[in-house]
Amino acid sequence: MTDSNMNLPNLTLLTVSGEDRVSFLQGQLTQDVSQLGEQRPALLAASCDAKGRVLAVITLIARPESIDILIREDLADAWVSQIMRFRLRARVEIVPQTLAVVTAAEEDGDGYQLTTGAGNASANRWRVGTWVESYVENDDCDLATTDPLLWRQARLRAGIPDFGPVSSGKFTPHMLGLQDRSAISFNKGCYTGQEVVARTHHLGVAKRGPQLLQLAALGDADCGDEVFAGDRKCGSIAAISGDLAFAVIQSDAGDALQTANGEVLSRVPFDSV
């Protein structure tokens, strides 16, 4: 692991408490929340709308009396408001952890796996690609802050679409490749958007899928920009960080890709999982 950690200010940590927390989240997420525990202390999941479009990609983290959720800060308020509409009589509460600090540091290895005991102040740590993410429960620890660009790019390389409001509600889980990141359970039963997700899975009709793209230049592309194969629109950029873009494109798009303003986009592979 490198000596320096980086603070990740674009993330929010939410705590879900209450005796109905598992059943409530089970009805809102693509992941089987009942599997969260000592054997699987962290799980990747998606939250969908009724049309099966992904509102947010989140990380679930097991806690003794609650479930923590790591989510993009610019999605947190809208997402909580959306899913709490389904609370009805469920005994559940979602509150932000204002004293939590999320960090990341480089480490050899692949995969998405949580371990415990990441230093004196850390409550949890988990690995995404070649980066370790962790959060601490106080704000007085000594953290060396660096540019979070590398962390966001590591997430994109690991196939995790780290998108914000522009892409929220635009893509199905299969378009984002979340079935290949163990973020979808096809055996857990009903949840919001489940019918669309299950039908896509069983019929195998997803005509668009995820692709990591390298930009030839910085500043000439943005999240939401359309991707073209020649004169034909073949997809769009779901998330972007520096010169890396996570795009959703048609399977027959070919390799000659560009944005509307001529920015050349080169296909690059995701990290193995």
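The values are calculated or read from the model by the stated rules, or taken from the named source; none is laboratory data. If you're wondering where the values come from, they're calculated on a predicted model, not measured in any experiment. A quick note on method: Cβ atoms are made from the backbone with ideal geometry, for glycine too, and the neighbour counts reach across all protein chains shown. Ligands, DNA and RNA are stripped out before the accessible areas are found, and what is left, the full protein with its side chains, is counted by its heavy atoms. Shrake-Rupley method; radii C 1.70, N 1.55, O 1.52, S 1.80 Å.
Tell me, which strands (runs of 3 or more DSSP E) wholly within the range 162-247 include 3 or more residues that are open to solvent by less than 40 Å² (accessible area, probe 1.4 Å) and touching a residue at least 40 places away in the same chain (Cβ under 8 Å)? Spell out how you get there, then give the answer.
Details: elements: 208-215, 226-229, 232-241.
Here the list reads 208-215, 232-241.
In the list Val54, Val22, which residue meets the criterion of being of a type outside the set (Gly, Ala, Ser) and either touching a residue at least 60 places away in the same chain (Cβ under 8 Å) or closer than 27 Å to Lys170 by Cβ (or both)?
Within the list Val54, Val22, the selection yields Val54.
Does any residue of the range 140-147 turn out to be of a type outside the set (D, E, K, R), in a strand (DSSP E or B), surrounded by 14 or more Cβ atoms within 10 Å (Cβ to Cβ) and at pLDDT below 80?
Filtering the range 140-147 down to residues of a type outside the set (D, E, K, R) leaves 141, 143-146.
Now drop any that are not in a strand (DSSP E or B), which leaves none.
Looking through the range 140-147, none of the residues is of a type outside the set (D, E, K, R), in a strand (DSSP E or B), surrounded by 14 or more Cβ atoms within 10 Å (Cβ to Cβ) and at pLDDT below 80.
Of everything in the range 225-273 that's closer than 16 Å to Leu215 by Cβ and hydroxyl-bearing (Ser, Thr, Tyr), which residue is nearest to the chain's Cα centre (by Cα)?
If we take residues in the range 225-273 being closer than 16 Å to Leu215 by Cβ and hydroxyl-bearing (Ser, Thr, Tyr), then Ser241 is nearest to the chain's Cα centre (by Cα).
Residues Val136, Val80, Val132, Val101: which one is of a type in the set (Val, Ile, Thr) and modelled with pLDDT of 90 or more?
Of the residues listed, the single one that is of a type in the set (Val, Ile, Thr) and modelled with pLDDT of 90 or more is Val80.
One line per residue, one yes/no per condition, for (1) of a type in the set (A, V, I, L, M); (2) surrounded by fewer than 14 Cβ atoms within 10 Å (Cβ to Cβ):
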| residue | (1), (2) |
| --- | --- |
| Ser47 | no, no |
| Leu60 | yes, no |
| Arg63 | no, no |
| Asp68 | no, no |
| Glu73 | no, no |
| Arg91 | no, yes |
| Thr98 | no, yes |
